[in-house]
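This report concerns only the one structure given below.
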Amino acid sequence: VPDILVHLSSWYTSLPREQQFLQLPWQCLHAYIPYGMNTVDNVDHSFSLNGVYDSDFVNLMWRVFEDTEININEYKKYETLRGENLVQSGYLKMDELMNRPEYSSNQIEELWKLPKGKNASEVKKIIIAPHYSVFNEGLIVSSTFRENAYFWLYLIEKYQNKASFLFKPHPNLRAACVGNGVFKSYDEYDDYISKWNSYTNAKAISESSYIDYFNTSDAMIMDSGSFLGEYIYTQKPLLYLTRPEQAH
């Protein structure tokens, strides 16, 4: 039993019951570093209210390390504890961007698939980062992947000698695509990922750290709320895609 447990995600019910923090003795102190900046919401504010500012999870935390004064004030307004367990720390996940390392050409070539005969300085490196919410109804509906999945492949081919593309989907995209009919099966989704990896100027990653890709990229195209806040730290161009059902 740990003395302190630091949580990096609030969605503890996604874990098996035996691994949920509520199974630990009460003397264990729990701290939370939010996994994303709260930059999105739905029409009736229920996502921010019930899923962020006054969730059971945050009210059970000993400390919550929050990013901005704006969010601190929202917790004070809506949280049952009225912000008594909050510490304004800045957005800790982005501390790694404070002192950006210099990347050699070899390091960049290990991260990105560059067109044959091109060096890193000759190629624009673009991250494609779709959210998982491909459904038509829900608390947060933002993903444009259903409409754009094959347009990305078109871009890869069109700019095969000028750009390198990195596919960084939300971890839940695979299940959401199959569950909502974007792909008929997991095999079909995996075939789509294999198609990405078959190009000489594109690759797909899943769970690997994305900070190095942030640092070495030139731009991002995305529809994810957390990346919307995080990529701004790089001070590079970002294209934020929307859809009619979206309620940000």
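Only a single criterion out of (1) open to solvent by 20 Å² or more (accessible area, probe 1.4 Å); (2) outside any loop (DSSP other than H, G, I, E, B); (3) not aromatic (Phe, Trp, Tyr) is not satisfied by residue 71, namely (1).
Of note, residue 156 satisfies the criterion of being among the β-branched types (Val, Ile, Thr) and open to solvent by less than 10 Å² (accessible area, probe 1.4 Å).
Does residue 105 fit the bill of being open to solvent by 30 Å² or more (accessible area, probe 1.4 Å) and within 30 Å of residue 200 (Cα to Cα)? Answer is yes for this residue. Residues in the stretch 108-134 that are of a type in the set (S, T, N, Q) and open to solvent by 80 Å² or more (accessible area, probe 1.4 Å): 121 only.
A search for C-beta distances below 7 Å between a residue of the stretch 43-57 that is of a type in the set (Asp, Glu) and any residue that is part of a loop (DSSP other than H, G, I, E, B), counting only pairs 6+ apart in sequence or on different chains, returns 54/79; 54/80. Scanning the stretch 139-184 for residues being among the basic types (Lys, Arg), in contact (Cβ under 8 Å) with a residue 12 or more places away in the chain and over 27 Å from residue 110 (Cβ atoms) gives a total of 1.
The values are calculated or read from the model by the stated rules, or taken from the named source; none is laboratory data. Only a predicted model underlies this, so the values are computations on that prediction, with no experimental measurement involved. In this analysis, Cβ positions are derived from the backbone assuming ideal geometry, glycine residues included, and neighbour counts consider all displayed protein chains. Ligands, DNA and RNA are excluded from the accessible area calculation, which covers all protein heavy atoms including side chains. Shrake-Rupley method; radii C 1.70, N 1.55, O 1.52, S 1.80 Å.
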